[in-house]
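Each remark here refers to the structure printed beneath this line.
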Amino acid sequence: MSQVKLSLQNALLTLEQLQQTPSREDGITEEQEDHLRQLGCHLIQHAGILLKLPQVAMATGQILFQRFFYQASLRKFAVRDISMGSVFLAAKVEECPIRFLDLVNVFDHLIKKFHRLPLDPMPAYQQTFYTLKDATVVAEMQILKKLSFNVHVQTPYAIMINYLKVLELMDHPIIPQLAWSYLNDGLRTSIYICYQPPTIACSVIWLAAMKENVALPTSPAWWEVLDAKLEDIENIAGHITSLYHRPLPISTLPFTIEQVEPYLRGELNKNASNGSPAAAATGSLSSTSIKGTRVSRFS
Amino acid sequence: MPRDPDTLREGPRPPSVDDNMTPVYSQEPEDQETYRHRSQTPVDTYREQAGEAAPEYHIEVPETEQHPVLTQCRSVENYEKLNRISEGTYGVVYRARDRITGEIVALKKLKLDQEKNGFPITSLREIYTLLLAKHPHIVNVREIVVGDTLTQIFIVMDFIEHDLKELMSGMRSPFLQSEVKTLMLQLLSATELLHENWILHRDLKTSNLLLNNKGEIKVADFGLARRYGEPQGVLTQPVVTLWYRSPELLLGAKQYTTAVDIWSIGCIFAEFVNNEPLLPARSEAEQLEKIFKLLGMPNDKIWPGFSKLPLASHVPNFVQPYNLLRSRLPYLTENGLDLMSKMLTYDPTRRITAEDALKHPYFSEAPPPKHPSMFPTWPSKGEKTAKKNASPSAPQAVHGHGQDEEEAGGLFNFANQESTGFRLKV
Ligand SMILES: Nc1ncnc2c1ncn2[C@@H]1O[C@H](COP(=O)(O)OP(=O)(O)O)[C@@H](O)[C@H]1O
Ligand SMILES: [Mg+2]
């Protein structure tokens with residue numbers, strides 16, 4: 001064994017970075033920022049599903065997206081562009097690169113769907129294609145620059161499965177998939193920016209076991225054996241569960257830079273949100289399955 | 001011409017977006033009011049159980065001191081370029097000075113023009129391997145800096161006085177055995193770290209091994225590095241500069257392992273001992289011929305599966321059954337020869353690992369490895385003029401710049417006509 005290990009830890013944020021984000025400094029409210037972050041993650045997760053990417057790549061993409069907006073303002077960079085750049089880059093990082101054409105098609109479709117526009121297929125190689133493609137190239141580069149090329153993301157999926165095995169919960173009919181879903185939902189929060197993956201893995205298991213009324217070893221407490229603090233576990237669980245109390249008014253949120261200012265003035269797609277049909281958000285982020293998903297040993 | 005699957009590989013492609021939409025959304029979009037994530041229920045149950053109110057959305061930040069913190073790339077203007085060290089096929093390396101600290105560094109400029117797929121995946125691998133792999137014998141990357149345009153990206157590394165190719169070409173006599181042991185131990189320990197972490201270097205050769213004036217090797221040039229072990233289909237081919245390329249790669253193996261790096265290290269070992277390359281061929285066919293002449297013709301007995309390799313049937317049955325390694329290394333001890341034979345073992349599954357090689361008796365027999373601080377010093381070429389990269393280049397396609405028309409071993413094409421040896425009947 002060599003003495004020196006690879007440094008695989010995720011970049012975490014300082015308190016200042018977390019509280020005073022560039023968007024907040026740019027006059028965007030906490031709630032607006034939360035919505036736009038959730039929107040980007042929502043897009044990335046759904047695009048990943050359509051592109052048949054492994055969940056680990058979607059997770060990497062969402063974490064990159066979240067990190068990016070601690071370095072840049074949502075007034076200057078569009079959710080659409082940065083989420084496309086994040087998916088494109090994450091797919092490379094996770095060794096499952098995708099083609100521009102597929103990426104652009106999927107995003108064009110999702111954006112229309114989320115804004116409740118007619119779902120005409122995008123004409124092949126028309127202006128939209130080139131606009132979105134160029135935006136992706138620029139966004140990818142911007143992400144790399146703003147994150148100092150620190151795009152290696154450690155995700156908790158494989159760790160969580162190991163912990164489930166240790167706790168002999170893998171055969172439980174509900175807990176594995178439920179905990180997995182919590183991991184996915186948690187991508188929309190700041191937990192991946194604040195905590196290292198093993199702690200997050202403990203927290204989702206704790207939450208799932210709580211829900212399923214499954215008692216886990218208490219003396220010593222199982223999480224202590226896995227080197228996590230109860231305080232962190234509860235905090236992470238709080239972040240995840242608070243998501244379910246914050247509806248996301250998707251159809252009123254801006255995808256492009258042109259839509260941002262009207263949105264901030266409360267004028268974007270007003271009718272869509274108040275009139276009929278009701279503005280919609282699609283289903284859970286947790287819709288990927290634990291089964292058949294590649295769990296990378298690097299995740 | 002084998003093409004690089006990395007740059008050309010077609011991503012998973014939804015047949016058509018609309019076909020796909022239905023199965024993905026198991027539930028139709030809900031109204032805003034009723035919108036909830038699917039995993040909502042447990043929380044409420046949990047709250048009921050715990051008898052608590054809805055959790056507050058608050059952020060508590062754990063200690064972050066020990067973790068890297070997000071920062072942006074700085075500008076290349078923080079460095080003053082002094083001179084070009086090398087102009088390889090894939091990028092230029094400069095010697096430069098940090099304008100604030102005055103420290104001398106090396107800047108490697110990535111070639112990013114004509115990118116068809118955004119930022120090249122190969123450069124991405126190079127950078128993140130370097131950022132991750134911190135080891136006393138892996139070149140230290142300080143940061144990545146950017147120029148004025150989006151295509152100017154530089155890797156800032158500690159400046160290392162020599163690369164071993166350039167250094168050895170100027171040496172009148174080979175390294176001493178005590179020095180060879182030190183260099184090999186350093187190279188193997190860096191490789192062990194990489195392999196333990198499922199990283200293949202895939203381009204180990206003397207010009208990618210830097211040596212400072214304290215007798216320390218720094219493995220560099222991760223331009224072909226790749227994680228492996230994931231179910232990720234067929235790995236790229238070809239990799240590894242011809243002279244250091246293992247027989248399984250030459251014979252078209254589709255899957256390969258850390259053993260390809262060990263073969264390269266075996267070739268480097270012999271080069272340290274003799275001060276000349278072990279197997280300098282000009283074409284893939286000649287390369288195989290040289291290997292077979294040196295080590296004897298392999299067969300299914302010593303290398304199970306050999307005859308099933310894609311190109312094995314094209315190899316004429318060669319009448320040289322003997323291992324002649326000893327004759328090329330007359331002065332090496334039995335232990336030294338044993339280690340080298342284990343590195344140059346045909347069957348990749350039986351080739352020695354870096355971990356085991358480090359424990360080989362060769363390193364504990366006399367003479368002991370020389371302490372690095374006792375190494376002689378040589379004037380650094382980096383402080384003088386730029387050199388054109390005259391050594392064979394790594395296969396071009398694999399560097400992934402979208403220019404695949406040129407034969408990977410373009411430099412050696414002429415050899416296909418000249419070689420007097422057998423040719424692959426491909
Ligand atoms: N950190 C460094 N300090 C000094 N010289 C270096 C450094 N990195 C590279 N070089 C020189 O530049 C050459 C090319 O660098 P390398 O990273 O191998 O790029 P390439 O992909 O073009 O082969 C090396 O062979 C070495 O001579
Ligand atoms: Mg090189």
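Structure notes:
- Note on segment B:226-251: residues that are assigned to a loop (DSSP other than H, G, I, E, B) and modelled with pLDDT of 90 or more total 3.
- Consider segment A:43-57 and keep the residues that are in contact with an Asp or Glu (Cβ under 9 Å, 6 or more places away or on another chain) and among the hydrophobic types (A, V, I, L, M, F, W, C). The one that is surrounded by the fewest Cβ atoms within 10 Å (Cβ to Cβ) is A:LEU50.
- Scanning segment A:155-162 turns up one or more residues that are within 13 Å of another protein chain (Cβ to nearest Cβ) and surrounded by fewer than 21 Cβ atoms within 10 Å (Cβ to Cβ).
- Matching residues, segment B:142-181, being assigned to a loop (DSSP other than H, G, I, E, B) and either of a type in the set (S, T, N, Q) or in contact with an Asp or Glu (Cβ under 6 Å, 6 or more places away or on another chain) (or both): B:THR149, B:THR151, B:GLN152, B:SER173
- Only a single item in (1) at pLDDT below 90; (2) surrounded by fewer than 23 Cβ atoms within 10 Å (Cβ to Cβ) is not met by A:MET210, and it is number (1).
- Condition check for A:ARG80: under 20 Å from A:THR131 (Cα atoms), buried (at least 24 other Cβ atoms within 10 Å of the Cβ) and among the charged types (D, E, K, R): yes
- Exactly one residue out of B:SER307, B:SER313, B:SER264 is part of a helix (DSSP H, G or I) and closer than 24 Å to B:ALA357 by Cβ: that is B:SER264.
- Condition met for B:PHE175 (aromatic (Phe, Trp, Tyr) and either within 13 Å of ligand 1 (Cβ to nearest atom) or in the same structural domain as B:PHE119 (by TED's automatic domain parsing) (or both)): no
- Of the residues examined, B:LYS214 is not one that is under 17 Å from the mean Cα position of the chain (by Cα), within 16 Å of ligand 1 (Cβ to nearest atom) and of a type in the set (Lys, Arg).
Per-residue answers, yes or no, for (1) surrounded by fewer than 21 Cβ atoms within 10 Å (Cβ to Cβ); (2) away from ligand 2 (no atom under 16 Å from the Cβ); (3) within 18 Å of B:TRP378 (Cα to Cα):
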{"position": "B:ILE138", "(1), (2), (3)": "no, no, no"}
{"position": "B:ARG142", "(1), (2), (3)": "yes, yes, no"}
{"position": "B:PHE159", "(1), (2), (3)": "no, no, yes"}
{"position": "B:GLU179", "(1), (2), (3)": "yes, yes, yes"}
{"position": "B:ASN197", "(1), (2), (3)": "yes, yes, no"}
{"position": "B:ARG202", "(1), (2), (3)": "no, no, no"}
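- Qualifying residue in segment B:362-383 (condition: away from ligand 2 (no atom under 16 Å from the Cβ) and under 26 Å from B:TRP303 (Cβ atoms)): yes
- B:THR101 part of a loop (DSSP other than H, G, I, E, B), at pLDDT 90 or above and of a type in the set (Val, Ile, Thr): yes
- Qualifying residue in segment A:70-81 (condition: within 11 Å of chain B (Cβ to nearest Cβ), within 23 Å of A:SER190 (Cβ to Cβ), outside any loop (DSSP other than H, G, I, E, B) and of a type in the set (Lys, Arg)): no
- Members of segment A:217-228 that are within 14 Å of chain B (Cβ to nearest Cβ) and surrounded by 14 or more Cβ atoms within 10 Å (Cβ to Cβ): A:ALA228
- Pairs with Cβ under 9 Å, 6+ apart, first in segment B:197-215 and away from every other protein chain (no Cβ under 14 Å) and closer than 11 Å to B:HIS162 by Cα, second among the polar types (S, T, N, Q) and within 11 Å of ligand 1 (Cβ to nearest atom): B:THR206/B:SER391; B:SER207/B:SER86; B:SER207/B:THR241; B:SER207/B:ASN389; B:SER207/B:SER391; B:ASN208/B:THR241; B:ASN213/B:SER380
- Checked against (1) within 12 Å of chain A (Cβ to nearest Cβ); (2) within 16 Å of ligand 2 (Cβ to nearest atom); (3) over 23 Å from B:THR257 (Cα atoms), B:ILE127 passes all but condition (3).
- Residue among B:VAL76, B:VAL105, B:VAL93 that is within 16 Å of ligand 2 (Cβ to nearest atom), more than 10 Å from chain A (Cβ to nearest Cβ) and under 20 Å from A:PHE149 (Cα atoms): B:VAL93
- Single condition A:LEU101 does not satisfy, out of (1) touching a residue at least 60 places away in the same chain (Cβ under 8 Å); (2) within 11 Å of chain B (Cβ to nearest Cβ): (1)
- In segment B:291-337, the residues that are closer than 20 Å to B:ARG245 by Cα and of a type in the set (Ser, Thr, Tyr): B:SER307, B:SER313
- Among (1) surrounded by 22 or more Cβ atoms within 10 Å (Cβ to Cβ); (2) within 12 Å of ligand 1 (Cβ to nearest atom), the one test that B:ILE153 misses: (2)
The values are calculated or read from the model by the stated rules, or taken from the named source; none is laboratory data. Note that the structure is predicted; figures quoted are calculated from it, not measured. Cβ coordinates were reconstructed from backbone atoms using ideal geometry, including for glycine residues, and neighbour counts include every protein chain displayed.
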